[in-house]
1. Taking the C-alpha atoms of region 2-174, how large are the radius of gyration and the largest Cα-Cα span, Dmax, in Å?
2. Show that you can apply the helix-only estimate: for the chain, add -39,500 (n - 2.57) for every DSSP H stretch of four or more residues, divide by all residues, and state [θ] at 222 nm to the nearest 500.
3. So what's the angle, to the nearest 10 degrees on a 0 to 90 scale, between helix 160-174 and the longest Cα principal axis of the chain?
4. When DSSP beta bridges are limited to those with both residues in the chain, what percentage is antiparallel, rounded to the nearest 5?
5. Do any trypsin sites (Lys or Arg not before Pro) in region 1-71 lie in a loop, going by DSSP, with at most 14 other beta-carbon atoms within 10 Å of their beta carbon, and if so which?
6. What's the tally of Lys pairs in the chain whose alpha-carbon atoms lie under 21 angstrom apart, where the two lysines are 8 or more places apart or on different chains?
7. Please check the chain for the longest run free of GluC sites (Glu not before Pro) that are loop-located per DSSP (anything but H, G, I, E, B) and have at most 10 other Cβ atoms within 10 Å.
8. Return one whole number: the accessible area per residue of the chain in Å², for a 1.4 Å probe.
Amino acid sequence: MNVNFENRVLELVEGDITEMETDAIVNAANAQLVLGGGVAGAIRRKGGPAIQAECKKIGGTFVGGAVITGGGNLKAKYVIHAVGPRMGEGNEDEKLTNATLNSLKLADDNKLKSISFPAISTGIFGFPIQRCAEIMLEATINYLTGPTGLEKVVFCLFGHSDYQVFAKQLEQETSK
Ligand code: AR6
């Protein structure tokens, strides 16, 4: 599913984010920047050890923050490590909005044209997928309708049911 905002596109795909060929892919990271399971595990396995080594040098960031490393052996040249909230820790919605916006800003600061996101926090961190779709899509649409050099933002959803949740929400957002 594709939606255009002037000359920018927001795209939803179902699949494995480590196969995406956008300039950057986003890792669903933790504040320590230690690559664990889920998306991070897939990035670690396919991207090779250089990514974790770079994360170690950076050391960590705040919940809602984002940092950038190279993409190692991945198709994407960069990985943006965005720290989403753990369900139950408080202020989750605001933190997820910030993680999304800070990733988009970091992509812009590095003059990237395209970026792929997973559904941050909805795996090991336990955040509900519907709420994630509402928050991440709203933040992205707001960002894409403002000044940005980004041309393409992709949401890469793992499995058909998560894809359907995002597709339904995007239809709703764009029919407002
Ligand atoms: N491609 C796209 N989406 C995926 C993939 C993949 N290869 N693998 C899983 N997902 P998660 P979190 C989906 O757990 O909840 C790690 O240990 C998954 O189905 O990756 O933010 C980190 O190091 C879910 O919908 O991230 C952190 O400590 C979504 O991606 C912690 O987990 C996010 O699931 C972060 O937990």
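1. Considering region 2-174 through its Cα atoms, Rg and Dmax are 14.5, 42 Å.
2. Value at 222 nm, helices only: -12500 deg cm²/dmol.
3. It works out to around 50 degrees.
4. 35
5. none
6. Summing the qualifying lysine pairs gives 20.
7. Between exposed loop sites, the widest span is 90-176.
8. Heavy-atom accessible area per residue stands at 46 Å².
The values are calculated or read from the model by the stated rules, or taken from the named source; none is laboratory data. Since the structure is predicted, the reported quantities are computational estimates derived from the model, not experimental observations. Heads up, the Cβs are rebuilt from the backbone with ideal geometry, glycines too, and the neighbour counts pull from every protein chain shown. Areas reflect the complete protein model, heavy atoms only, side chains present, ligands, DNA and RNA absent. Shrake-Rupley method; radii C 1.70, N 1.55, O 1.52, S 1.80 Å.
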